[in-house]
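Below is one structure, written out as structure tokens; comments come after it.
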Amino acid sequence: MTDQHGTDRPAAQPGAQPGAQPGAQPADAEPVTGEVDAGGTEQQRVLANSAVMAVGTAISRMSGFVRSALLAAALGNALHADLFNISNTIPNMLYILLAGGVVNAVLVPQLVRSIGHDPDGGDAYTNRIITLAALFLGAVTVLLVIAAPWVMDVFLSSKYDAASMAEEKESVIAFARFCLPQVFFYGMYVLVGQILNARGRFGPMMWAPIANNVISVAVLVVYLFVFGPAQGAEITGPYTPSQELLLGLGSTLGIVAQFAILVPYLRATGFFYRPRFDFLHTGLGHTLRLAVWTVLFVIVNQVAYTVVVKLASSGTADAADGTGYSVYSSTFLIMMVPHSIVTVSLATAILPRLSRRAAEDDRAGVAGSLNETLRSALAVVVPFAVLLPVIAGDLSRLMWGYGAAADATENYVPSLALFGAGLVFFTVHYLMLRGFYAFERTRTVFWIQCAVAGTNVVAALVLVRAATAQQTSPALVLAYTSSYVVGSVVSYTVLRRFLGGLRTPTLVRFLVRLAIATVVATVAAGVVAYLLHQVSATPAWWVAAIWLLLIGSVDLLVLVVMARTLRLREVTAVVDAFTRRLPVLRRP
């Protein structure tokens, strides 16, 4: 999910520095004080706020991993698993398509402005937004549940229309009817969470998904106790009505809890919701005009992802050993760990500041903030991405080597290993878009995303057609990576021109030093992994856990030593910021 917001301003001419004050430095120039500029203290505050959110996100991710492992243990990673996982994913996709872009990004700067400038602290505006969102999402959700069979036809391969797949398709539709009400609760969760963020309460939105995961875990434990793990022909077959009822309703109950847990925090900020229906002449028209390009952005993005899901569904429908959506989404979950914990936390903490600076047309300030945030994010993302191929086998055995998936963990390894490169380019693209959003340049973002989505669709169609059923998921991973190579290059280049620079020389020197530190750390970790695998090529899950701890510890230790040697303050600052939030790691 990617946040968006804003209106357009004329693009800067090459070499120009719009908005710069007489005598001001170009945004691409070196800071007066060297590598650590005068904004260092402010960046430390961003890291501190990010650390609060990151701890909540990390715990949420851990509970999500337990859920992912239980799903694999109960359902496997073949057709049986895809039937549920695709149905349970569609509500989130549809929420993003219908309202996600507007709620996530257009409303954030509007909420910040209304809180700062309206006499009532933005209460009236917030009440109107909540009322409008609830009415819209409620009506759409009812229509989607009624149209469930036609909705699923959009996302499934034509192979599901075969007579031999009739029972499997009925299971998909039954799951959709149970899961589609999630659209309403996803929307309200994100809206209330963003209102909390705008009022300076960043933690609850990051912690709330834990409630969803706890309920999901409980449902899966009950499922395993009542029905047991899928076996034999069941791994590639449909579900019984009682299985559909338990999994479908249990999944929706988790999303309801995820939303409900935020409501007390909203009241604690001093805000009390009162329905308001006076939508005209209240600033909502401006918000909706801003949303036009954002909605187009989201449509393009979701069309591309619909193609990905449709192609993924063909992999497991083609052959018993095929890889499809379950493998793709599970490995994507692992790949997104540093993004969710670090990058999103940094971006969420920095977004209000970017909006304020953009409102003042302080382009150099926006460029400096983005440069610092990008370096902080890459300090975590790059080492993780490079290490991922080294640990992919052991990580797959630890995460999914149980029950119905115990004999099929090798299905995860290629996709997991390949996702690392995509993560790096996605991180650059994601943070560059924060700059466009701050200046409300949604038209620019839309055209950039057209390039990303178009590349993803074309690459996915070509690569999946050339792949076997077992190679379906890795082919989709390569398509994902190619799309964000294009996205990162285009978004960085266009934003750099618009801002008059992004302090590129500082970024390049940082990347060179980070590459050196990462290569040394990964080589050291690779040597350890090689020696351990001489003992056993396919260790048990608990042995794999010990090995991952050893390999990861060596990689982190060498990386920190190299960072201190090369004066990579971005790496040490991130480590210090997050360890201070963990009592057992606090230094005296």
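The values are calculated or read from the model by the stated rules, or taken from the named source; none is laboratory data. Everything numeric in this text was worked out from a predicted model, so none of it was measured. So basically every Cβ, Gly included, is an ideal-geometry build from the backbone, and we count neighbours across all protein chains shown. To get the accessible areas, we keep the full protein, side chains included, count just its heavy atoms, and leave off ligands, DNA and RNA. Shrake-Rupley method; radii C 1.70, N 1.55, O 1.52, S 1.80 Å.
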Any chance Val424 is assigned to a helix (DSSP H, G or I) and either without any contact (Cβ under 8 Å) to a residue 40 or more places away in the chain or open to solvent by 10 Å² or more (accessible area, probe 1.4 Å) (or both) = yes
In the set Arg267, Arg199, the lone residue that is over 24 Å from Gly64 (Cα atoms) and surrounded by 19 or more Cβ atoms within 10 Å (Cβ to Cβ) is Arg199
Qualifying positions in the range 114-141 - touching a helix residue (DSSP H, G or I) at 6+ places or on another chain (Cβ under 9 Å) and β-branched (Val, Ile, Thr) | Ile115, Thr126, Ile129, Ile130, Val140, Thr141
For the range 434-441, state whether one or more residues are under 30 Å from Gly76 (Cα atoms) and of a type in the set (Phe, Trp, Tyr).
-> no
Within the range 310-322, work out how many residues are of a type in the set (Gly, Ala, Ser) and open to solvent by less than 20 Å² (accessible area, probe 1.4 Å).
-> 5
Here the residues within the range 323-357 that are buried (at least 24 other Cβ atoms within 10 Å of the Cβ) and outside any helix (DSSP H, G or I) are Thr323, Gly324
Do we have Pro204 as over 17 Å from Ile86 (Cβ atoms) and within 23 Å of the chain's Cα centre (by Cα) here?
-> yes
Of the residues that make up the range 180-190, is at least one among the β-branched types (Val, Ile, Thr), open to solvent by 40 Å² or more (accessible area, probe 1.4 Å) and farther than 28 Å from Gly315 by Cβ?
-> no
From the options Glu372, Glu410, Glu440, residue that is outside any helix (DSSP H, G or I) and open to solvent by 10 Å² or more (accessible area, probe 1.4 Å) = Glu440
Run Ala211 past the list (1) open to solvent by 30 Å² or more (accessible area, probe 1.4 Å); (2) on the phi < 0 side of the Ramachandran plot and report the number of the one that doesn't hold.
-> (1)
Please enumerate the residues belonging to the range 144-157 that are open to solvent by less than 60 Å² (accessible area, probe 1.4 Å), outside any loop (DSSP other than H, G, I, E, B) and either touching a residue at least 40 places away in the same chain (Cβ under 8 Å) or not β-branched (Val, Ile, Thr) (or both).
-> Leu144, Ala148, Pro149, Val151, Met152, Phe155
Does any residue of the range 392-408 turn out to be at negative phi and touching a His at 6+ places or on another chain (Cβ under 6 Å)?
-> no
Taking the range 158-187 as the search range and keeping residues that are aliphatic (A, V, I, L, M) and outside any helix (DSSP H, G or I), which one is nearest to Leu246 (Cα to Cα)?
-> Leu180
Identify, by number, the condition in (1) under 24 Å from the mean Cα position of the chain (by Cα); (2) assigned to a helix (DSSP H, G or I) that Ile235 doesn't meet.
-> (1)
Inter-residue pairs, beta-carbon under 8 Å, first of a type in the set (Lys, Arg) and in the range 193-217, second assigned to a loop (DSSP other than H, G, I, E, B) and modelled with pLDDT of 80 or more, 6+ apart = Arg199/Thr269; Arg199/Phe271; Arg201/Thr269
Long-range neighbours under 7 Å by Cβ, at least six apart or interchain, first residue over 14 Å from Phe175 (Cβ atoms) within the range 218-242, second part of a loop (DSSP other than H, G, I, E, B) = Ala230/Gly76; Ile235/Gly76; Ile235/Ala78; Thr236/Ala78; Thr236/Ala320
Under 6 Å by Cβ, and 6 or more places apart or on different chains, what pairs join a residue from the range 129-143 that is of a type in the set (A, V, I, L, M) with one that is open to solvent by 30 Å² or more (accessible area, probe 1.4 Å)?
-> Ile130/Tyr273; Leu137/Phe184; Val140/Leu98
Complete set of residues in the range 229-251 that are crowded, with 19+ Cβ neighbours inside 10 Å, polar (S, T, N, Q) and out of contact with any Gly (no Cβ under 9 Å at 6 or more places or on another chain) = Gln243, Ser251
Could you identify the single residue in Val226, Val221, Val256 that is open to solvent by 30 Å² or more (accessible area, probe 1.4 Å), part of a helix (DSSP H, G or I) and under 22 Å from Met93 (Cβ atoms)?
-> Val256
